[in-house]
Amino acid sequence: MKTKIVLIGLLIGGWPVQIRAQSVMGLDSIQAAIGRGNPSLKYSDALVRSLDEAAVGARSWEAPLVSTGLWMTPYDPSLWKRQAGGAPGMGQYMVSAEQMIPNRKRQDAEEAYMRGMSAAEKERKGATLNELYAAAKQNYYQWMMAKRKLTVLDQDARLLDFMIRDAELKYKNSLGKINAYYKAKAALGKLELMRLEWANEIVQKRIALNTLMNRDKGTVFEIDTVFVLKELAPVTADSGALADSRSDIRAVQADIRLAGLQQQAERAKLKPEFGVRFDHMFGFGGLPMQYSLMGMVRLPMFGWSSRSAKANISSLQWKAESLKQEKAKMINEAEGMVYSLRQEIATRRRQLQVLQEAVIPALQRNYQTMQLAYEQNTEELFNLYDAWEMLNNTQLEYWDQVRQLLLMQVELDRTLEIK
């Protein structure tokens, strides 16, 4: 009997002894593996590199235009030759080259815009990493609580087995009734059903973590079951702090800047661009060689040629406004979520304290009293079973409460983007 009580005491008063497998991973190790190998992060890295490489080409010039052919040449080939009176022939063969010179401010604006696209994608990568870390924590803590519950089941199975064997012995010796015997047998079967359910949950969480780490889904490993319920720090979830700490909010802010940079690029399209053209002509029939050197200017600011750029500028203005409202919405929702979670976590912690310090010890003493009375033949198995059932259900409820508290803690970390 003392052994049984000690086992219950270990379960209620302290943490169970950890079972070490051949490979044990802590949460930090899992998060580090996710940071190295998750395909979503590699995708973001490749996209950032792509945008950086594209920005290199922002200062390129238009390709030169080269042309060649006959110039002001008569259809009658006989007129190409020098005439009998000594007059030179008519017609020329021309080689022409043309080059537009890009506007420097337009190049600056386009390069800034393309580099801004890269910066926005880097912030989105941070938001993706935050979501992956949160998913890893959720699966990790759910696995951990399933292991805790399996430990409770191990203790419960021993206690039920004791009741069943003792009831059989007393019944054979006509010292007890059999009224709760089959109830205890059924409860033992239910424990096995719960064991199968939680063992399957552990397998599912292992698969989920292997998937997040981008490795063989069947890789077998164990987790470190030590955890800490964080103390709630003073509230600092103001709009400025959230805007600075949340990658997804910074990504929206980067998109707002990007819309401004794109506006500047569109405005730069309205600026004139200059070019130069050189023509060289070879004369026929003694006609001297000639050339022309022309300066060119492209004038996109006139009404009929600027409509597209002006429409884009107006559209981007409204896009920036919509992004500002999106940012305000995200900050507002995050602030509400933080305050709500903090209140819920504080309440849950108080509930756990009551369970751990008042309810479970009382039920434990009740079971011990009933067990002692049963062994002295002053209580029935039915009453002992009821005392065990109340204690068992409360123990499982305790770990359910811890599980919910840990998941709230994960959600709070995700909202504040805490690793």
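Answer yes if at least one residue in region 351-365 is farther than 22 Å from ARG148 by Cβ and in contact with a Leu (Cβ under 9 Å, 6 or more places away or on another chain), and no otherwise.
So far as region 351-365 goes, no, none of its residues is farther than 22 Å from ARG148 by Cβ and in contact with a Leu (Cβ under 9 Å, 6 or more places away or on another chain).
Within region 262-293, track down each residue that is farther than 23 Å from MET94 by Cβ and out of contact with any Ser or Thr (no Cβ under 7 Å at 6 or more places or on another chain).
GLN262, GLN263, GLN264, ALA265, GLU266, ARG267, ALA268, LYS269, LYS271, PRO272, GLU273
Restrict the check to region 44-60 and report whether at least one residue is touching a Leu at 6+ places or on another chain (Cβ under 7 Å) and either among the acidic types (Asp, Glu) or at pLDDT 90 or above (or both).
Within region 44-60, the subset touching a Leu at 6+ places or on another chain (Cβ under 7 Å) is none.
Checked against the condition, which is being touching a Leu at 6+ places or on another chain (Cβ under 7 Å) and either among the acidic types (Asp, Glu) or at pLDDT 90 or above (or both), region 44-60 yields no hits at all.
On the basis of being buried (at least 16 other Cβ atoms within 10 Å of the Cβ), touching a Pro at 6+ places or on another chain (Cβ under 6 Å) and either more than 26 Å from ARG36 (Cα to Cα) or not basic (Lys, Arg) (or both), does THR151 make the cut?
Yes, satisfied.
Filter region 392-409 down to residues that are β-branched (Val, Ile, Thr) and surrounded by fewer than 20 Cβ atoms within 10 Å (Cβ to Cβ), then give me how many there are.
Taking region 392-409 first, the residues β-branched (Val, Ile, Thr) are 394, 402.
Retained after the next criterion (residues that are surrounded by fewer than 20 Cβ atoms within 10 Å (Cβ to Cβ)): 394.
Final tally of qualifying residues: 1.
Report, by residue number, each residue of region 320-330 that is surrounded by fewer than 16 Cβ atoms within 10 Å (Cβ to Cβ) and either within 21 Å of the chain's Cα centre (by Cα) or under 30 Å from PRO102 (Cα atoms) (or both).
Scanning region 320-330 gives GLU326, ALA328, LYS329.
Any residue at all in region 104-123 that is closer than 30 Å to PHE282 by Cβ, out of contact with any Leu (no Cβ under 6 Å at 6 or more places or on another chain) and surrounded by 18 or more Cβ atoms within 10 Å (Cβ to Cβ)?
To start, the set of residues in region 104-123 that are closer than 30 Å to PHE282 by Cβ comprises none.
The answer is no; no qualifying residue exists.
Conditions (1) over 30 Å from LEU51 (Cβ atoms); (2) without any contact (Cβ under 8 Å) to a residue 12 or more places away in the chain; (3) of a type in the set (A, V, I, L, M, F, W, C), marked per residue:
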| site | (1), (2), (3) |
| --- | --- |
| ARG82 | yes, no, no |
| GLY85 | yes, yes, no |
| ALA112 | no, no, yes |
| LYS122 | no, no, no |
| LEU132 | no, no, yes |
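Identify, please: which residue in region 272-315 is farther than 22 Å from ASN103 by Cα and of a type in the set (A, V, I, L, M) and is, among those, surrounded by the fewest Cβ atoms within 10 Å (Cβ to Cβ)?
Per the stated criteria, the residue is MET289.
Looking at GLU375, GLU417, GLU389, GLU333, which one is of a type in the set (D, E, K, R), in contact (Cβ under 8 Å) with a residue 60 or more places away in the chain and exposed (fewer than 14 other Cβ atoms within 10 Å of the Cβ)?
Of GLU375, GLU417, GLU389, GLU333, the one residue that is of a type in the set (D, E, K, R), in contact (Cβ under 8 Å) with a residue 60 or more places away in the chain and exposed (fewer than 14 other Cβ atoms within 10 Å of the Cβ) is GLU375.
Select from region 77-118 the residues that are among the small types (Gly, Ala, Ser), touching a Lys or Arg at 6+ places or on another chain (Cβ under 8 Å) and modelled with pLDDT under 90 and write down the one among them that is nearest to SER44 (Cα to Cα).
Per the stated criteria, the residue is GLY116.
Take GLU121 and decide whether it is under 30 Å from ARG36 (Cα atoms) and either outside any helix (DSSP H, G or I) or modelled with pLDDT of 85 or more (or both).
yes
Select, from ALA334, ALA320, ALA328, ALA362, the only residue that is of a type in the set (Gly, Ala, Ser) and farther than 30 Å from GLN263 by Cβ.
Numbers: ALA334 fails: farther than 30 Å from GLN263 by Cβ; ALA320 fails: farther than 30 Å from GLN263 by Cβ; ALA328 fails: farther than 30 Å from GLN263 by Cβ.
None of the other options fit; the residue is ALA362.
Report, ordered by the first and then the second residue, all pairs with beta carbons closer than 9 Å, sequence separation of six or more or different chains, a first member in region 220-233 that is surrounded by 14 or more Cβ atoms within 10 Å (Cβ to Cβ), and a second member that is assigned to a strand (DSSP E or B) and at pLDDT 75 or above.
Short answer, once both residue conditions are applied: PHE221/VAL24; PHE221/MET25; GLU222/VAL24; GLU222/MET25; ILE223/VAL24; ILE223/MET25; ASP224/VAL24; ASP224/MET25.
Please list, ordered by first then second residue, the pairs with beta carbon atoms under 9 Å, 6 or more apart or interchain, first in region 282-302 and over 21 Å from GLY85 (Cα atoms), second hydroxyl-bearing (Ser, Thr, Tyr) and at pLDDT 90 or above.
Qualifying pairs under 9 Å: PHE282/TYR93; SER292/SER96.
Looking only at region 126-146, count how many residues are crowded, with 19+ Cβ neighbours inside 10 Å and more than 15 Å from ALA208 (Cβ to Cβ).
The total comes to 2.
Could you check region 374-385 and list, in sequence order, the residues that are within 19 Å of GLU168 (Cβ to Cβ) and either assigned to a helix (DSSP H, G or I) or hydroxyl-bearing (Ser, Thr, Tyr) (or both)?
Within region 374-385, TYR374, GLU375, LEU381, PHE382, ASN383, LEU384, TYR385 qualify.
Which of (1) out of contact with any helix residue (DSSP H, G or I) (no Cβ under 7 Å at 6 or more places or on another chain); (2) part of a helix (DSSP H, G or I); (3) among the aliphatic types (A, V, I, L, M) is the odd one out, the single condition MET281 does not satisfy?
MET281 satisfies all of (1) out of contact with any helix residue (DSSP H, G or I) (no Cβ under 7 Å at 6 or more places or on another chain); (2) part of a helix (DSSP H, G or I); (3) among the aliphatic types (A, V, I, L, M) except (2).
Please work out if LEU261 is of a type outside the set (S, T, N, Q) and crowded, with 17+ Cβ neighbours inside 10 Å.
Here the answer is yes, as LEU261 does meet what is asked.
Taking the condition touching a helix residue (DSSP H, G or I) at 6+ places or on another chain (Cβ under 9 Å) and either among the β-branched types (Val, Ile, Thr) or free of Cβ contacts under 8 Å to residues at least 12 places away in the same chain (or both), does GLY57 pass?
Spelling it out, GLY57 is indeed touching a helix residue (DSSP H, G or I) at 6+ places or on another chain (Cβ under 9 Å) and either among the β-branched types (Val, Ile, Thr) or free of Cβ contacts under 8 Å to residues at least 12 places away in the same chain (or both).
Examine region 327-338 for a residue that is of a type in the set (Val, Ile, Thr) and under 30 Å from TRP399 (Cα atoms), and state whether such a residue exists.
yes
The values are calculated or read from the model by the stated rules, or taken from the named source; none is laboratory data. Since this is a predicted model, take the numbers as computed values, not measurements. Cβ sites come from the backbone with ideal geometry, for glycine too, and all protein chains shown count toward neighbours.
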